[in-house]
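Comments concern the structure below.
The values are calculated or read from the model by the stated rules, or taken from the named source; none is laboratory data. Please read these numbers as outputs of a predicted model, since none were measured by experiment. Heads up, the Cβs are rebuilt from the backbone with ideal geometry, glycines too, and the neighbour counts pull from every protein chain shown. Please note that ligands, DNA and RNA were not included when accessible areas were found on the heavy atoms of the full protein model with its side chains. Shrake-Rupley method; radii C 1.70, N 1.55, O 1.52, S 1.80 Å.
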Amino acid sequence: MERAQVVIVGAGLSGMAAARRLRAAGVEGVAVLDGAARPGGRAAVMPPSDVEGVTPGGMFVQRTDRTLLGLAGELGVPVDRVEHDTTVDDLRVDESGETEVSDDNVPLDVSWWTRLRSDWLFGRLARLAARIDFAEPWRSPDAEELDSQTVRAWLRDRSSDRELLTLVEEFLTLEAGFPADRISMLWLLAHIGPDPEEEIDPLRISPGGLVDALAAEVGDLVRADHHVSRIEQDDREVRVSGEWGVIAADRVVLALSPADCRRIEISPEPPPSRRRLEQQWPQAEIIRTEITYWRPFWRNFGLSGETHFEDGVPAWTIDDSPPDSDRGRLIAHTYTFGAADPLGADQGVTDDPARHRSVLLDNLTHAFGPLAAEPLAVVQSAAGPGVYSRAYQSPTPPGFLTEHGPLLRAPVGRLHWAATETAAFPGNGTLDGALESGHRAAEEVRAALLDRVP
Ligand SMILES: Cc1cc2nc3c(=O)[nH]c(=O)nc-3n(C[C@H](O)[C@H](O)[C@H](O)COP(=O)(O)OP(=O)(O)OC[C@H]3O[C@@H](n4cnc5c(N)ncnc54)[C@H](O)[C@@H]3O)c2cc1C
């Protein structure tokens, strides 16, 4: 049987960051197994385009994403400022197809009084968030009380004004990727983080660039097409297996979403509470569509490209035109929860990629004119649950974080847990969180190997 010192399951950013850390610490015999045909996981969620010169788009990161910015600096991966031109207009297309100029997605006809009170509500949320323990939100003061209520219930306790509630809920839903009645207040506050102002001015990185740079350093350890279906451990070793064979190791890092962990048979069975966490793990998926044009033509009409569509398939678009080329690129996010919730989409449309694309292009044409109907390329992340997690975020429902949070990173025998879902907040769920979790798990494994009795 093949032997390794450490097996990492998952060659997403967390798994590759863990492998890089272990290698830097002098740990030899590391194997990184991934069931997909190429490394990258969710950082490589967009399939490559077959149109020449069309490159995958960027992802948004914050100035507070220290692990990511540090690593990008070390690996030479560029991070760009997102220029925020205040002289151009955002658009909003309402349910009846009426197009109007908006201010950061807020309809212009929203009264100054509603705007003032929404600022007050956001200020209140920021003040509450400042009291959260971001490493372990379940230990925050009032954690149980905050985790016992949904965001919607909390908002409705503070106002009954429909205009105000719609505005604030919509913003929070866009942010979380889940409707406000399914998210716990504790999760929202942890997600908001200590510096909400920082998010106003995001940065952009090429996730593919980050994956390639990590793969250049640890790609020799990665084995693609190695789906792991079973893990067995005893007091001597741990054996990781799949149709490809078996590898025995001292330690294993599971660098994958808890939703993916639940599909791996583990013997002896982990504690029932750990399995419940995996079974009930929430996943907010979005469908990301990248629409590339010859030029960012909307800028000529004084438009920012940021548009909020409520008709057809609700979606939100943003200008992600590559800074190093003349091309124009819009990114559209469509939420995958049902139309019964505000911002939810008709699942009949989102389940059918061709129909979804055509509704999106109709919407863009409606907002930006006929040039929008002639893209150079449209690339879409697949809809629906793929083989592995495609979660954009994991907003937890009431009761979840306080009950399951303490188990997220707790090793089970020789098994250690990484992935963005195990990271501290507010990076939890982001690229930064994935890298941070990989570094933390690598450190745990290194310490455990040093402790070993020869
Ligand atoms: C559409 C979309 C847009 C996003 N936008 C942003 C953004 O703008 N900014 C931001 O910061 N973050 C964004 N994210 C989140 C970010 O991409 C993720 O947080 C990050 O990539 C997660 O990395 P990970 O290593 O934790 O997990 P993953 O990338 O999921 O890695 C897990 C790996 O494990 C493999 N695997 C799973 N099960 C098995 C098994 N049984 N055997 C072997 N291999 C297995 C998978 O193939 C995968 O490669 C976005 C995510 C999505 C989906």
Protection-proxy order for peptides 171-184, 8-21, each taking the mean of Cβ atoms within 10 Å per residue, highest first
8-21, 171-184
DSSP H helices in the chain with Cα extent of 27 Å or more along the helix axis and mean Kyte-Doolittle hydropathy at least -0.5?
431-451
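Just need the relative contact order of the chain here, percent rounded to a whole number, with Cα pairs under 8 Å and 6+ apart.
Numbers: 906 pairs, mean separation 119.6, N = 454.
Answer for the chain is 26 percent.
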Report the Cα centroid-to-centroid distance between region 207-262 and region 59-89 in angstrom, as an integer.
29 Å
Counting only heavy atoms of the protein chains, get the accessible area per residue of region 111-192 (1.4 Å probe) and round it to a whole Å² value.
47 Å²
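Provide the per residue accessible area, probe 1.4 Å, for region 274-424, rounded to a whole number of square angstrom. Before the final figure, lay out each step's value.
Numbers: 5550 Å² over 151 residues.
I get 37 Å² per residue for this part.
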Okay, helix-only estimate at 222 nm for the chain: each DSSP H run of n ≥ 4 adds -39500 (n - 2.57), divide by all residues, round to 500 deg cm²/dmol; what do you get?
-9500 deg cm²/dmol
Net charge contributed by nearby residues that have their C-beta within less than 10 Å of residue 21 (K/R +1, D/E -1):
+3
If packing is taken as the average number of other Cβ atoms within 10 Å across a peptide's residues, how do 422-428, 151-157 rank, most packed first?
422-428, 151-157
Excluding ligands, DNA and RNA, the carbon-plus-sulfur percentage of the accessible area of region 111-192 with a 1.4 Å probe reads 53 percent
If the only charges are +1 at each Lys and Arg Cβ and -1 at each Asp and Glu Cβ, what is the size of the charge dipole of region 314-391 around the Cα centre, to the nearest 20 debye?
140 debye
Simple Cβ-charge dipole of the chain, Lys/Arg +1 and Asp/Glu -1, about Cα centre, in debye nearest 20
1540 debye
Percent of beta bridges antiparallel (DSSP, the chain, rounded to nearest 5)
65 percent
Dipole of the chain, positive direction: furthest Cα of 49, 430, 303, with charges on the beta-carbon
430
Among 397, 339, 411, flag the residue with its Cα farthest along the positive direction of the charge dipole of the chain, charges on Cβ as +1 for Lys/Arg and -1 for Asp/Glu.
411
Averaging over every viewing direction, what projected area does the convex hull of the Cα atoms of region 111-192 cover, in nm²?
5.0 nm²
Integer Hz, Karplus 6.51/-1.76/1.60 couplings in order for region 388-396, x for Gly and Pro
10, 4, 10, 4, 8, 8, 10, x, 8
Return the percentage of antiparallel bridges among DSSP beta bridges fully within region 172-303, rounded to the nearest 5 %.
75 percent
So, with +1 on the Cβ of K and R and -1 on the Cβ of D and E, and no other charges, what is the size of the charge dipole of region 111-192 about its Cα centre, to the nearest 20 debye?
260 debye
Peptide ranges 350-363, 395-408 listed from the most packed, as the mean C-beta count within 10 angstrom indicates
395-408, 350-363
Region 206-268, accessible surface, carbon-and-sulfur percent (1.4 angstrom probe)
44 percent
